[in-house]
Structure formats: C-alpha cells, structure tokens
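Only one structure is covered here, and it is reproduced in the block below.
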Amino acid sequence: MQNLDWSNLAFNYSKTNAAIISRYVDGAWTAPVASRDFEMPFNLYAGVFHYANSCFEGLKAFRGVDGKVRLFRPDENAKRLQRSGAHLDMAAPSEALFLEMCLMCVRENLDFLPPYGFNASMYLRPVLIGCNPQLGIASSKEVLFAVLGSPVGTYSGAAGLTPGTAVLARNYDRAAPNGTGSYKIAANYATSLHPYNMAHRQGYRELLFLDPATKTKIDEFGSSNFLAIKGNTYVTPLSDSVLPSITNKSLQTVAADFGMQVEKRPVPVEELAEMDEVNACGTAVVITPICSVDDKPALESTEVTKTYCFGSPEHCGPVSEKLYRRIRGIQDGTEEDIHNWCVFL
Ligand SMILES: Cc1ncc(COP(=O)(O)O)c(C=O)c1O
C-alpha cells in the first residue's frame, strides 16, 4: 500500500503504476498491455488535437468494509462509451474488453486504491483517442483506448455533503439544441471551460446550464446532473442535451426503493423556487448539495436578479443525505447491493 494521506486526497491525477492500453488498428483491438510510461508519442496530425476526436468515461473502484474491491456499474460506462464512440464514428471497445481493462487497471494500481473509511476511491478514466494523422475533417480510423486510474477524495475538496453555491449560465450554452450534449465527448467540456472558469473565479462551486434552445428549462451542471427533492418527489430534467448520468439513474432507483415518486421531466427555471433540496450528482461529485442558485443577466454581470435558496448553507438536506448514504453504502459494501450493481475485482 502506498503511503498517501488518504484523508486529504483531492480530485487530482496522481501518477500511479500503470495505464492500460489497447489500440484499434486495421479493424481490430490489440491485446491490452500495462504501460509504466504515461508519456506517449502522438503524431501531431492526429485528429484528437485538431477536431477533438475523443470521448471518455469516468467510474470508480472502492475498497469495501469487507476488504473486497467493487467497481460501480462498469457495464453502464462501457455502453455509454460505445454510444459516444458511435457518435464520433470511431471504434469503441466491446463491453468485455472495457471491463477487462478496467479490472486490469485496478489490479495494476492496487496499492493506490484508498483503504475503506476515508471517503476516497480510485477514479477510473477510460479514454478513446483518435490517433491516425489526418488533415481534413474526418473520423479517426486508428484509435487508442487507455484506462487510467487515480486515487481521489471529494470533487470539491470540501468534506462530503458540504453544500456549495451555483449560478445560472444565462449567456453560455454547453451544447447545441440538436448537438452533442448527451454524449461524453471531449468537445463538450471544451465548450464549458470558459464560463466554468468564470463561475469559479466568482466563488461559485457549480455552473447550471439551461436548455440551449429556449433557455427556459434546467439542463445540468457543468460537471454533473441536476436533481431536486420536492416533497416526496425526486425531480430531474428530461432533456436531449443532458448527459445520461449513471449516478442519477441509480439514485432514481434508490429513491423509488425508498417509496419516493420519481419525475424525469422538463424543469422550468422558475420551479427552483419550489424545490426543497437541490444537488449536483455524478460519479465524481456523488451527491453534492447546492444551497443556492444565483440568476444574473449575464455571467460577467455583477448584478444578481434573483437568488433561489434551498435548505441550510451548512447541511445537506435530509432526503438527499439518505439517498447519498444508500448509494455510498452499496459502493462500500455496508448496504446490500439488491440491484447487483457492483462488479468485484
Ligand atoms: C456533464 C456531466 N453530466 C453528468 C455527469 C454524471 O454522470 P455519471 O453519473 O455517469 O458520472 C458527468 C460526469 O460524468 C458529467 O461530466
């Protein structure tokens, strides 16, 4: 086991033992290898550098209370990567190869997998990279698939369940109306960097994007999905420009298990005034409570036209905390995995 400060891990990359690599060349994937070298030669004409021929995933491995290592729903990530790859007309690994390489990555880097009890995990980053040299706009025919793994703590750096603030992205869009918002492709994140940086500089933890066509409905946060609790109902936006989050999907199941009503539907911005609890949810952020959302005419503006507040700025809402405890418990092996979501090493 590495001698790391497990209780103070940030959401940063750490150099670990190995990255797992396979290449798609001449119509087939090569057998995966563990590479100790993280620096690789790439042709400067590779499509990834010019046209963002790249998509990726994010999932976590946990060391459980019973000492067993669990991956949370990797099959769902494999399917989503295939969907993203198909949208880029790029080859993507089969579900079996994806899982094999994720498990291999955890095994090769096992001494970096945080122990149980530190609210830390190993974040796995599978990434597809278009490699062959090209000049014109075209999908990559040669692809590198890498699975990287880094030990991580909470996304915000604060203790889990510490509330943060958000601001609406009135004058920036993350995705075009019929564009790529529902795919986990690199280009979507490039689009969000400038407004995201601005929101962070202004002290907000999150940036909340609206539907790009009408700007009247909530889409999602820059890093994660939007989920709200309204009475006994779990509310999350139905939108073509939102990434289908595996965490959100799982939390909807958990909410239904708790006897809650689940509504996946368009959510008008003004409905924020009726929400009891609001959270960002995703693999990296798990559930992160949002205690307020500012509305401004433009992100650059110092004028705040309205602030929507949810619960206490110090504490997570009780329903959100219950959902958080159940999902984290399943990942840590302290709660029964009744839906068979975890895959063991
Ligand atoms: C934009 C965006 N939305 C939502 C999510 C949450 O998805 P998941 O729960 O599958 O991690 C992520 C993180 O992957 C994301 O980057």
Discussion item. Condition (residue is in contact (Cβ under 8 Å) with a residue 60 or more places away in the chain, closer than 30 Å to Thr288 by Cα and surrounded by 22 or more Cβ atoms within 10 Å (Cβ to Cβ)) applied to region 38-56: is it met by at least one residue?
Written reply: yes
Item to complete: Kindly provide the set of residues from region 319-345 that are more than 28 Å from Met275 (Cβ to Cβ) and either hydroxyl-bearing (Ser, Thr, Tyr) or part of a loop (DSSP other than H, G, I, E, B) (or both), ordered by number.
Response: Gly333, Thr334, Glu336, Asp337, Ile338, Asn340, Leu345
Item to complete: Please state which one of Thr253, Thr288, Thr247 is in contact (Cβ under 8 Å) with a residue 24 or more places away in the chain, within 16 Å of the ligand (Cβ to nearest atom) and farther than 29 Å from Asn197 by Cβ.
Response: Thr253
Discussion item. Looking only at region 266-285, filter to residues that are in contact with a Phe, Trp or Tyr (Cβ under 7 Å, 6 or more places away or on another chain) and away from the ligand (no atom under 16 Å from the Cβ); which one of those is nearest to Cys316 (Cα to Cα)?
Written reply: Glu277
Discussion item. I need the full set of residues from region 291-308 which are out of contact with any helix residue (DSSP H, G or I) (no Cβ under 9 Å at 6 or more places or on another chain) and crowded, with 16+ Cβ neighbours inside 10 Å, in order please.
Written reply: Cys291, Ser292, Asp294, Lys296
Worksheet item: Which of the residues that make up region 196-227 are within 20 Å of the chain's Cα centre (by Cα) and more than 15 Å from the ligand (Cβ to nearest atom)?
Response: Asn197, His200, Tyr204
Item to complete: Residues that are surrounded by 21 or more Cβ atoms within 10 Å (Cβ to Cβ) and modelled with pLDDT of 95 or more: find the strands (runs of 3 or more DSSP E) completely inside region 209-267 holding 1 or more of those.
Response: 218-221, 225-230, 233-237
Worksheet item: Has region 106-117 got any residue that is assigned by TED's automatic domain parsing to the domain that holds Leu81, small (Gly, Ala, Ser) and crowded, with 19+ Cβ neighbours inside 10 Å?
Response: no
Item to complete: Looking only at region 53-87, count how many residues are of a type outside the set (Lys, Arg), in contact with a Gly (Cβ under 6 Å, 6 or more places away or on another chain) and closer than 18 Å to Leu345 by Cβ.
Response: 3
Item to complete: State whether the residues of region 310-318 include one that is assigned to a helix (DSSP H, G or I) and closer than 27 Å to Phe98 by Cα.
Response: no
Worksheet item: Where residues in region 129-148 are under 11 Å from Ala52 (Cα atoms) and among the aliphatic types (A, V, I, L, M), which of them is surrounded by the most Cβ atoms within 10 Å (Cβ to Cβ)?
Response: Ile129
Fill in: Those residues of region 6-21 which are buried (at least 18 other Cβ atoms within 10 Å of the Cβ) and touching an Asp or Glu at 6+ places or on another chain (Cβ under 9 Å), in sequence order
Thr16, Ala18, Ala19, Ile20
Fill in: Which listed residue is at pLDDT below 95, away from the ligand (no atom under 16 Å from the Cβ), part of a loop (DSSP other than H, G, I, E, B) and within 27 Å of Glu321 (Cβ to Cβ), from Thr162, Thr154
Thr162
Response to the item:
Selection over region 309-325 where residues are modelled with pLDDT of 95 or more and surrounded by fewer than 20 Cβ atoms within 10 Å (Cβ to Cβ) yields a count of 5
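The values are calculated or read from the model by the stated rules, or taken from the named source; none is laboratory data. Small disclaimer: the values here were computed from a predicted structure and weren't measured. As a convention, Cβ positions derive from the backbone with ideal geometry for all residues, glycine included, and neighbour counts pool all protein chains shown.
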